[in-house]
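Some notes on the structure that comes next.
The values are calculated or read from the model by the stated rules, or taken from the named source; none is laboratory data. The structure displayed is predicted, hence computed values, not measured ones. Positions of Cβ are backbone-derived with ideal geometry, glycine not excepted, and every protein chain shown enters the neighbour counts.
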Ligand code: HT7
Ligand code: ZN
């Protein structure tokens with residue numbers, strides 16, 4: 001497959017001011033008639049060629065200005081028409097079979113309904129069209145189909161007419177007044193019921209809101225509707241953005257490749273991010289629904305009103321929209337805990353990507369298959385980069401920048417450069433050097449050294465940006481860091497200031513707050529970098545207990561554990577060193593457990609040990625390779641030590657939180673703490689943990705407690721494990737989202753037989769390769785299970801490679817998403833590295849590999 005390069009961008013030679021689509025709908029055969037008004041683009045080089053992209057399509061008829069045309073030919077999958085003159089009407093008929101579409105791109109069938117997914121290049125599977133984001137057109141659509149099968153017919157924009165046809169057919173016409181690229185087109189036809197409401201905008205316009213689901217799912221849609229209304233209000237208040245149609249439809253579908261899709265006026269969602277009630281969804285699920293509803297809604301401005309010029313600019317809409325949804329959730333749920341969660345996701349998903357063979361800048365330079373670039377780098381690091389601009393500008397000036405951006409580029413297909421320029425002009429920042437964050441991949445490392453000098457703390461920061469595939473010798477990045485200098489002796493808290501490191505090495509003089517200075521740095525995680533500092537253990541204990549910045553407290557706790565676990569897993573500690581490390585961590589955890597000032601949600605964050613993935617990254621820095629087996633063992637031993645040493649304190653904390661009612665405002669934090677304690681006891685006293693967890697399972701009145709208890713049981717060798725798993729399955733049989741949890745709990749468990757269990761689950765009657773949620777529930781969970789995936793005989797790697805090969809012909813996009821797990825082989829000790837590489841080679845030798853999987857495997861081996 002060819003490589004597409006950012007530098008090769010040229011505007012499309014034709015404009016398509018209007019597009020008319022007629023759909024004769026059928027699950028096995030849908031006829032599509034597309035009529036395109038085409039005009040020469042005065043801003044592009046003249047060309048007689050009208051290239052219309054297609055994918056797996058055949059033209060049944062091509063008409064030019066109403067007459068059958070012969071001036072066209074196929075160029076591989078594209079249809080190319082030679083057009084004389086300035087303006088024409090082109091009509092093309094195609095026929096597609098939605099029921100045979102297992103890729104879930106284009107028009108497909110899901111549970112008897114028809115729906116579409118067009119981003120990034122799915123529209124070309126529906127009709128021939130310039131399927132690129134800079135061709136904006138106004139769409140008018142007529143849909144016709146059997147009423148009993150498809151009682152509800154939905155499309156973008158407003159419903160302008162509908163009526164009954166002959167023989168049980170009915171039809172609907174829709175018009176979307178806002179010009180849009182083809183990737184935002186959507187259509188849904190099915191037997192659906194709506195939870196309806198209204199929202200009155202800041203200018204007094206009433207908007208009809210509908211969340212469409214299968215009738216039996218209606219009772220689980222209230223949270224989605226509330227989340228939508230909150231998002232609409234928040235975007236008006238925080239970014240001055242008002243909704244611009246009279247109708248906002250959301251449809252939930254159970255077969256979906258990603259989380260959701262922001263089609264204009266007709267969002268299509270994975271059911272996972274719509275349905276929630278306390279019996280079936282955890283606290284985390286509720287938050288995820290709120291966050292994804294907000295994300296898609298915010299795209300109406302950051303993505304739809306202003307879209308991307310080309311797919312290299314994807315972070316323009318995704319990075320910015322992730323930042324907007326993160327800020328929204330901070331306001332809804334609490335800033336400190338949300339920030340910690342977002343950083344945890346960044347470190348678990350993006351840092352490894354930036355350190356591996358798939359590293360790319362937030363604005364990539366080339367790709368073969370764009371679906372492979374919907375990554376944590378484009379989304380989450382993209383959000384961090386914009387967050388840094390916000391930190392440097394301050395909230396109010398940043399808002400001036402975003403106002404200018406929305407104003408200046410409304411209705412356009414814009415670039416990341418346009419965004420940065422608007423922030424520069426509106427917020428009054430100078431961002432010449434900052435643009436390197438868009439060009440350079442890799443997570444910068446900042447080495448910290450300090451000395452007392454001239455009555456202050458002389459802080460020397462040295463940055464390096466690691467080499468990444470195709471990029472070396474990188475320039476210094478501007479790194480904004482919020483810092484403060486506290487005093488360990490007096491407990492004085494220093495005043496915070498923002499410094500910006502712009503050189504390779506720079507010294508800053510910071511004021512002291514007392515005689516024993518302790519530096520608090522990257523407070524609030526103002527920059528997505530790795531801080532390398534050599535703090536004394538006592539300083540970390542002090543910061544963990546006393547820093548006034550919640551993120552810095554969390555960070556100090558993490559660092560205490562990371563330093564100890566990496567040293568222990570690397571064999572750098574003797575017995576005394578191990579004991580001292582464990583004692584210091586237990587002391588710090590004790591302080592957190594007994595701190596009466598802390599709320600339980602934050603306590604839970606501070607008690608959470610670094611994940612094995614994060615430890616893996618920390619261990620694999622420099623020349624050292626990661627040893628997943630050693631990391632796992634050391635982490636389990638530390639959990640055991642905490643459970644044994646703090647048995648009494650943890651028991652009394654558990655006894656306090658267990659009585660907090662579900663709907664008490666403190667209930668969420670209580671549930672979090674409860675499940676963390678259960679996990680610690682599972683390591684230190686498995687028999688007791690099994691009894692506690694079984695009781696929690698039986699008494700649970702909500703999914704958070706039920707799932708938390710079952711998670712503990714799944715990792716234990718106790719009869720209660722199978723008994724409760726069965727009870728859970730029986731209770732929720734038929735509820736796909738909860739049965740997904742049942743698969744995940746087992747695939748992610750610490751049970752020694754997890755590989756056999758996953759193999760067995762793959763033959764379970766409820767397992768299917770056709771549903772991405774189900775595939776991910778079993779295999780993504782397994783690929784993220786360090787103990788199972790990294791089994792020393794390579795069985796875990798083989799299992800994931802087998803999956804990729806089996807899934808690739810069915811759903812290449814989902815198959816390719818499993819490749820990065822194997823792609824980490826270079827950073828791992830040699831035995832496992834060899835086994836992982838061998839599996840990648842095996843995949844690469846397979847015949848007929850999709851473009852998606854081919855690209856990921858080739859890059860991973862390169
Ligand atoms: N903008 C949406 C991306 C998306 C997508 C991309 C490729 C294949 C399937 C997809 N479904 C949705 C989601 C978002 O970021 O809001
Ligand atoms: Zn998005």
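For the reader, a short list of remarks on this structure follows.
- Residue in segment 404-413 that is out of contact with any helix residue (DSSP H, G or I) (no Cβ under 6 Å at 6 or more places or on another chain), more than 18 Å from residue 441 (Cα to Cα) and within 16 Å of ligand 1 (Cβ to nearest atom) present: yes
- Qualifying residue in segment 448-464 (condition: surrounded by 14 or more Cβ atoms within 10 Å (Cβ to Cβ) and in contact with a helix residue (DSSP H, G or I) (Cβ under 9 Å, 6 or more places away or on another chain)): no
- Given (1) buried (at least 24 other Cβ atoms within 10 Å of the Cβ); (2) within 12 Å of ligand 2 (Cβ to nearest atom); (3) under 21 Å from residue 105 (Cα atoms), number of the condition residue 298 does not satisfy: (3)
- Among the residues of segment 347-366, the ones that are surrounded by fewer than 21 Cβ atoms within 10 Å (Cβ to Cβ) and either assigned to a helix (DSSP H, G or I) or within 16 Å of ligand 1 (Cβ to nearest atom) (or both) come to 2 in all.
- Test: residue in segment 307-315 that is more than 16 Å from ligand 2 (Cβ to nearest atom), more than 15 Å from the chain's Cα centre (by Cα) and either modelled with pLDDT under 95 or closer than 25 Å to residue 550 by Cβ (or both): no
- Only one of 688, 706, 695 that is buried (at least 23 other Cβ atoms within 10 Å of the Cβ) and without any contact (Cβ under 8 Å) to a residue 40 or more places away in the chain: 706
- Top-ranked residue of segment 374-418 - restricted to ones that are farther than 30 Å from residue 819 by Cα and part of a loop (DSSP other than H, G, I, E, B), ranked as farthest from ligand 2 (Cβ to nearest atom): 394
- Among the residues examined, residue 802 qualifies as in the same structural domain as residue 822 (by TED's automatic domain parsing), surrounded by fewer than 21 Cβ atoms within 10 Å (Cβ to Cβ), at pLDDT 95 or above and within 14 Å of residue 815 (Cα to Cα).
- Residue check, residue 266 crowded, with 24+ Cβ neighbours inside 10 Å and within 16 Å of ligand 2 (Cβ to nearest atom): yes
- Residue among 786, 765, 719 that is within 22 Å of the chain's Cα centre (by Cα) and over 24 Å from residue 259 (Cβ atoms): 786
- For segment 165-175, the criterion of a residue being assigned to a strand (DSSP E or B), under 30 Å from residue 255 (Cβ atoms) and within 31 Å of the chain's Cα centre (by Cα) is satisfied by no position.
- The single residue among 268, 251 that is modelled with pLDDT of 95 or more, within 11 Å of ligand 1 (Cβ to nearest atom), over 29 Å from residue 422 (Cα atoms) and in a strand (DSSP E or B) turns out to be 268.
- Taken over segment 274-292, residues that are touching a strand residue (DSSP E or B) at 6+ places or on another chain (Cβ under 8 Å) and within 12 Å of ligand 2 (Cβ to nearest atom) amount to 1.
- Verdict on residue 340 being over 14 Å from the mean Cα position of the chain (by Cα), within 16 Å of ligand 1 (Cβ to nearest atom) and not in a loop (DSSP other than H, G, I, E, B): no
- All positions within segment 100-109 that are touching a helix residue (DSSP H, G or I) at 6+ places or on another chain (Cβ under 9 Å) and either more than 12 Å from ligand 1 (Cβ to nearest atom) or at pLDDT below 95 (or both): 101, 107, 109
- Filtering segment 488-503 to residues that are in contact with a helix residue (DSSP H, G or I) (Cβ under 9 Å, 6 or more places away or on another chain) and not in a loop (DSSP other than H, G, I, E, B) leaves 498, 500.
- Across segment 116-153, the number of residues qualifying as in a strand (DSSP E or B) and away from ligand 2 (no atom under 16 Å from the Cβ) comes to 14.
- Some residue of segment 807-818 being over 23 Å from the mean Cα position of the chain (by Cα), farther than 21 Å from residue 360 by Cα and not in a loop (DSSP other than H, G, I, E, B): no
- The residues of segment 305-319 that are within 11 Å of ligand 1 (Cβ to nearest atom), assigned to a helix (DSSP H, G or I) and in contact with a strand residue (DSSP E or B) (Cβ under 8 Å, 6 or more places away or on another chain), listed by number, are 311, 314, 317.
- Evaluating residue 116 against the criteria (1) within 30 Å of residue 72 (Cα to Cα); (2) touching a helix residue (DSSP H, G or I) at 6+ places or on another chain (Cβ under 7 Å) leaves one unmet condition, (2).
- Of all the listed residues (57, 25, 15), the sole one being under 25 Å from residue 415 (Cβ atoms) and surrounded by 14 or more Cβ atoms within 10 Å (Cβ to Cβ) is 15.
- Condition check for residue 322: in contact with a helix residue (DSSP H, G or I) (Cβ under 6 Å, 6 or more places away or on another chain), at pLDDT 95 or above, assigned to a helix (DSSP H, G or I) and surrounded by fewer than 23 Cβ atoms within 10 Å (Cβ to Cβ): no
- Among the residues listed as 402, 443, the single one being over 30 Å from residue 177 (Cβ atoms) and buried (at least 20 other Cβ atoms within 10 Å of the Cβ): 443
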